[in-house]
1. Once you list every other residue whose beta carbon is under 9 Å from the beta carbon of A:A412, what net charge do they have if Lys and Arg are +1 and Asp and Glu are -1?
2. Give or take rounding to whole Å, what are the principal axis extents of the alpha carbon atoms in the protein assembly as shown, in descending order?
3. Among bridges DSSP assigns within chain A, what percent are antiparallel (round to 5)?
4. Work out the FRET efficiency for B:N97 and B:N117 from their Cβ-Cβ distance, taking R0 = 25 Å, and round it to the nearest 0.05.
5. Relative to the Cα centre, what is the charge dipole magnitude of region A:336-422, using +1 at the beta carbon of each Lys and Arg, -1 at the beta carbon of each Asp and Glu, and rounding to the nearest 20 debye?
6. Enumerate the amide H contacts of A:F67 below 5 Å, restricted to partners 5 or more residues apart or on another chain; note that Pro and chain-start residues carry no placed amide H.
7. List the residues, sorted by chain then number, that are 5 or more residues from A:V257 or on another chain and whose placed amide H is less than 5 Å from its amide H.
8. Provide the net charge surrounding A:A329, with neighbours chosen by a C-beta distance below 13 Å and charges set as Lys +1, Arg +1, Asp -1, Glu -1.
Amino acid sequence: MNKFLRIQETHPLTWRLRDDQKTVWIKEYSEKYGYQALRKAIKEIIPENIVNIIKDSGLKGRGGAGFPTGLKWSLMLKNKMSLDCRYLVCNADEMEPGTYKDRLLIEKIPHQLIEGMILAAYALNVSRGYIFLRGEYVQAEHVLKKSIEEAINFGYLGSNILGSHFNFELVLHTGAGRYICGEETALLNSLEGRRANPRSKPPFPAVFGLWGKPTCVNNVETLSNVPCIILHGVDWYKNLSKSSDCGTKLMGFSGKVKNPGVWELPFGTTAREILEDYAHGMLPGSFLKAWQPGGAGTDFLTEAHLDVPMDFIHISKVGSRLGTALAMAVDDKTNMVSLLYNIEKFFSRESCGLCTPCRDGLPWIVKILKNLEQRKGHKNDIHTLERLCINLGPGKTFCAHAPGAIEPLQSALKYFRCEFEDGISIKTKDINQQIVGIQSNLS
Amino acid sequence: MSLKFQLTNEEINEIEKHKKYYENFRAVSIEALKIVQKKRGWVSDQAINAIAEILQINSIEVEGVATFYSQIFRQPVGRNIIRYCDSVVCFLTGYINIQIALQDHLKIKKGQTTKDNRFTLLPVCCLGNCDKSPTIMINEDTYSFLTPESIPCLLESYK
């Protein structure tokens, strides 16, 4: 987090961060109004009203999909069955290429997340929660372990929290490396000790989740927003934003920029503002060719889209997704086919292999892109890529992995088609003339 | 005659400790694999059977889990695991030169182990350090803003 004036009123997620980059432990967190929201909630607010407050605040899921959090929570409450056993899961399996926000929140200000989880558990009548942390985040694991212990010692976790009848136990679970674990239902399977294959929906986790019990899965950043909403109210939270999406968002720019980083900004800040004012523009001698708004699974945009406000609605209007809102800048010297080859190799490697379009389609895309990169492409390759984009698109596969994978590809084909055409081998350009015989299988 | 494979008491205690956090024993399988691997570097067939026994599930199911997750090794590896991030931001900032420097210095390719068993080289998905790329992980330590020139000196500190 780079140094900018951060105050509680405008930067609810990051104002507590220390300039020396060290972790804010419980003592310092408490001095900076930490756990005040929890005290307030347990004394003054009944659980149903917390759900209503979150609903009214307009908080949307910060994991990338942007599903309204209050709505997700209210689905849990609708399910009156098995009120005695239900779960809250924090999705801390951050592995989207180009995304580095949850790591910051966990490592630097872990108690904000823990307080958010306790509040969510109180609102949803949950007595056990899990933090599903990515296995590679070793530093984050140490920080969370220590923080959970601190919270237990201060009476914020365990039985009869703050003298109430509310009990909540928090368990840290670390993964073992697979991108698909970040998918809500695959995460649940992984938590149950199975291969992380997604589950079919419906039933949704709110009805049938972890071990068949009602389960709510929220991202780290989403849960970190909860304490400040409870403490300062809905109107304040809505006014933070410059657009119809409420609150602030951790946004950033990485790639070929002078000052890559992550900043807490109001929704509706334009990408140009982030790129120029915060990331200090492109590196000397390079120009912006394309950018992805929020992770490897979002459509590329060009310089023409830099003035679009960064929020869920505006970014989708120009044909991409806000995703995690951590943008990546591609410079003019980068070949888009090589870049796509890298991105699709990642998605191919991380396919869980459950459904055929994803398991077979992604390696096929990788093979074509490799040929195009080496200028050995076939005349029909671009057409095949376009067909694959349709056949791996939304609704054709079991989960959102493949549809996410083809988003950068379809947008690159739209904006940078000539670079793909450059990869077609001259030898195959006139392939029609090489076919002999009346029938194709008659040699 | 080979001795029967046995988990150490320490390993068993650690696995047993985790059982109480979940509704059933199966959920401990990933953690159990990690516990065993931490002590032995990798997970052998016999270790799979031993874990299956302690968790009271089929060994095929433990095997299914062990082969799914990238951090579980089913073959021996070196004493130090180097994971270089090969995702898109590190691609832009030049992970390929880091990979080449690592390969040249260690005289191995990705997925291989050096002859002296000192290092194993593996790619890894985005390490969430994109604002400090290119980045690699050696065992549990993360290194950022790397240059190919910094590699030999960095590796020297790992014996």
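1. Result for the neighbourhood of A:A412: 0.
2. Result, largest extent first: 84, 73, 54 Å.
3. Within chain A, antiparallel bridges account for around 40 percent of the total.
4. Rounded to the nearest 0.05, the efficiency is 0.45.
5. Rounded to the nearest 20 debye, it is 180 debye.
6. Excluding prolines and chain starts, which carry no amide H, the hits are A:G61.
7. Close amide H contacts, sequence-distant or interchain: A:L283.
8. Result for the neighbourhood of A:A329: 0.
The values are calculated or read from the model by the stated rules, or taken from the named source; none is laboratory data. All values derive from a computational prediction rather than experimental measurement. Positions of Cβ are backbone-derived with ideal geometry, glycine not excepted, and every protein chain shown enters the neighbour counts. Areas reflect the complete protein model, heavy atoms only, side chains present, ligands, DNA and RNA absent. Shrake-Rupley method; radii C 1.70, N 1.55, O 1.52, S 1.80 Å.
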